[in-house]
Amino acid sequence: MTRVLAYRPNEVERPCPKPTPDTEEFWRATVNGELCVQVCGSCAHKQYPPRLYCEACLEPASKSSLVPVSGQGEVLSFSVVRRPPSPGWAEHVPYVVALVHLEEGPQLLTNIIEYPVEEIAVGMKVQLVFERCSDDAATPRFTADRKSGRK
Amino acid sequence: MTGLRGQAAIVGVGTTPVGNVPELNSVQLHIEAAKAALKDSGLERDSIDGLMTFNSMTEPIPMFHAEAIAEQLGLSPHYLYTGAVGGAQPLAAVHHAAAAVSYDLCNYVLIICADNLFSGLQGHWTRTNNRAPEVEQFEFPYGATTPATYALYARAHMAAYGTTSEQLAAVAVACRKHASLRDTAQMRTPITIDDVLSSRLIGDPLHLLDCSLVSDGGAAWIVTKAERAPDSAKKPVYLLGAGEANWHHSPSHIRSLLETPAKDSGARAFAMAGLRPSDVDVAELYDCFTPMPIIQLEDLGFCKKGEGGAFVEGGRIEVGGELPIITHGGLLSHAHPGFPGSSFNVVEAVRQLRGECGAAQVKGAEIALAQGQGGSSSTHTTLIFGTEP
């Protein structure tokens, strides 16, 4: 039997976010150096990433606003990726994937950059840095919080 | 003792060859698994009036997967369902099918899980086929591979409880030992803790041998009402407990890196069964990466939180030990064809309770637990089976 395999998108480069109408305002802020969480106008719940409804009270996004955070956070856990997920990532390995808890509450999946991988630790304080990747978006990443010292 | 306890049974199981099976595509793996389950049950094909399948990752049939498989199998079911909660699905299907047969919605539900990830899928595509806009914009830019996502759980457990890489490796060693006792597994050459630790790092702290396989393969089984079960060819295996739990979808919403939804799915299953962890003779846990069985042992109540690392040392989890786990070799050594991965946990639990496992048989096994997990440990299903209803 002849096998017909599924279409496979040839996405080999490290992707840059492509804003949609729902996330345009969020990504515009990143270009201006601001990472925002979504704060519900009805119940004050903070969430990340921005969504169409508040997870806590289900009011629509039109009732919420995007509020910049301090950029201070803490590493909940991390991994050093040694094997690139696709050929386009080869130049980036080793890189650090981390789950970071923001001072304001929400957590996000991100990278720790510009810091020796062997010195990264669970509980380390980190500070937001942006990497501009297009006219429309800069990706929030984190590095060691110099004010708190290393760790 | 509540709910579905003892109301339904598995009366036939079947598996395909696993590993590199390029001569069978995804649909063919479904048909071969179904034929094997029907043969094992001794039932006529016409008696199957329920069908549950799960879409293929490599060769998806948009919108109508179960219908397409039913047609190819020459079935006309009146209970039909295509499911999707990732690696928890094969076990969730048993839960749902048990409810259906216990309420006489249908008599015999055929559940088929199969895919050809080894020969039909390119590695980098597994992550990029999740096209949810939220995932594309807020996850893809960070290159969080599946091993890296599970490494978050490993690293957090190590930091909180002092769990070691040697303890993680003990899980891989036990799975390979069990696989070496069978002629069905994809990887059967025994390994040592040193082999695991000296294999290359994929996503710290996970080494290559801490990571599951990529495989072709599938399994199928038939669920029926308990009172109908004695009509089948082989000894029925009864569902005593079932529990599901979903805590999150995206990694930004991981509720805890130290606890998983197995805590809730397990509590529900044990409550339904009226049993305790100490009653379990064999536990077919979900081993996509070595830290996860350790965390499941804690969340399911086999040991205290933080003691999972010590629990897996010294052969306790091997056949002949206090609590044998993953006796077919699991996702780490038997096969991991993607969403169907945990289907082999169901089949192995049934075969253990029938006493069919040869050198890997847990002597006198009467109660078996099977665990399924999907996403980034987002969704869990726990099933508890027994030799008597």
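A few remarks follow.
- Helical runs assigned H by DSSP (4 residues or longer) give chain B a calculated mean residue ellipticity at 222 nm of -10000 deg cm²/dmol, each run adding -39500 (n - 2.57) before division by the residue total.
- Here the contact order of segment B:1-155, divided by its residue count and restricted to Cα pairs under 8 Å and six or more residues apart, works out to 28 percent.
- Segment B:205-322, dipole about Cα centre (Lys/Arg Cβ +1, Asp/Glu Cβ -1), debye to the nearest 20: 380 debye
- With N counted as the residues of the protein assembly as shown, its alpha-carbon radius of gyration over 2.2 N^0.38 Å works out to 0.97.
- If you run the Gaussian network model on chain B, springs between alpha carbon atoms under 10 Å, then out of B:295, B:326, B:202 the most flexible one is B:202.
- Over segment B:212-266, all Cα pairs binned in 10 Å intervals from 0 give whole-percent P(r) values of 16, 26, 31, 21, 6, listed from short to long.
- Computed from the Cα positions only, the extents of chain A along the three principal axes stand at 57, 46, 30 Å, in decreasing order.
- Among B:254, B:241, B:201 - extreme Cα towards positive end, dipole of segment B:182-254, charges at beta-carbon: B:241
- Residues B:280, A:97, sorted so that the one with the fewest Cβ neighbours within 10 Å comes first: B:280, A:97
- Sparsely packed loop sites in segment B:1-94 (the GluC sites (Glu not before Pro) outside DSSP H, G, I, E and B with at most 12 other Cβ atoms within 10 Å) comprise B:23, B:44.
- Positive minus negative residues near residue B:90 (Lys, Arg vs Asp, Glu; Cβ under 14 Å): -4
- Note on chain B: Cα-Cα pairs beyond 26 Å make up 46% of the total pair count.
- Cβ-based net charge around residue B:198, under 15 Å, with every Lys or Arg adding one and every Asp or Glu removing one: -2
- Dipole magnitude (debye, nearest 20) for the protein assembly as shown, charges at Cβ of Lys, Arg, Asp, Glu: 460 debye
- Under the Karplus curve 6.51 cos²θ - 1.76 cosθ + 1.60, θ = phi - 60°, whole-Hz ³J(HN,Hα) for segment B:170-178, x wherever Gly or Pro sits: 4, 5, 5, 5, 5, 4, 5, 4, 5
- Our summary gives segment A:26-143 a relative contact order of 25 percent, counting only alpha carbon pairs under 8 angstrom and 6 or more residues apart.
- Net charge over other residues, Cβ less than 15 angstrom from the Cβ of residue B:161 (K, R count +1; D, E count -1): -3
- Selection from A:65, A:94, A:37 lying farthest towards where the dipole of segment A:1-141 points positive, charges on Cβ: A:94
- Peptide A:98-111 - average C-beta neighbours from other chains (10 Å radius): 4
- Using C-alpha pairs below 8 Å separated by at least 6 residues, the relative contact order for segment B:150-244 is 21 percent.
- Per residue, the Cα convex hull of segment B:74-226 amounts to 196 Å³.
- Compactness of segment B:1-75, taken as the C-alpha radius of gyration over 2.2 N^0.38 Å, stands at 1.26.
- Of B:24, B:110, B:331, the one that fluctuates the most in a GNM where chain B has Cα springs shorter than 10 Å: B:24
- Comparing Cα centroids, segment B:1-57 and segment B:153-203 end up 30 angstrom apart.
- Shown for the protein assembly as shown: cysteine residues without a partner Cβ closer than 4.7 Å, namely A:36, B:106, B:113, B:175, B:211, B:288, B:303, B:357.
- Fluctuation leader among B:314, B:330, B:87 - chain B, Gaussian network, Cα springs under 10 angstrom: B:314
- Pair-distance distribution of segment B:288-330: all C-alpha pairs, bin width 10 Å, starting at 0; shares per bin in whole percent are 30, 61, 8.
- Across segment B:100-105, computed HN-Hα scalar couplings (Karplus, 6.51 cos²θ - 1.76 cosθ + 1.60, θ = phi - 60°) run 4, 6, 6, 9, 6, 5 Hz from first to last residue, x flagging Gly and Pro.
- Theoretical gain in end-to-end length, residue B:235 to residue B:46 [0.36 nm per residue, Cα-Cα removed]: 65.9 nm
- Taking θ as phi - 60° and the Karplus parameters 6.51, -1.76 and 1.60, the scalar couplings of segment B:318-325 work out to 8, 4, x, x, 5, 9, x, 10 Hz in sequence order, x denoting glycine and proline.
- Using only side-chain charges placed at the Cβ, +1 for Lys and Arg and -1 for Asp and Glu, the dipole size of chain B relative to its Cα centre rounds to 340 debye.
- When the alpha-carbon atoms of segment B:197-242 are used, the pair Rg, Dmax equals 19.9, 53 angstrom.
- For chain B, with +1 on Lys and Arg beta carbons and -1 on Asp and Glu, the positive-most of B:270, B:221, B:50 along the dipole: B:270
- Of the trypsin sites (Lys or Arg not before Pro) in segment B:325-389, those whose Cβ has at most 11 other Cβ within 10 Å and which sit in DSSP loop: B:363
Coordinate-derived values only; no laboratory data. Keep in mind it's a predicted model, so treat the numbers as computed, not measured. No Cβ is skipped: glycine too gets one built from the backbone with ideal geometry, and neighbour counts run over all protein chains shown.
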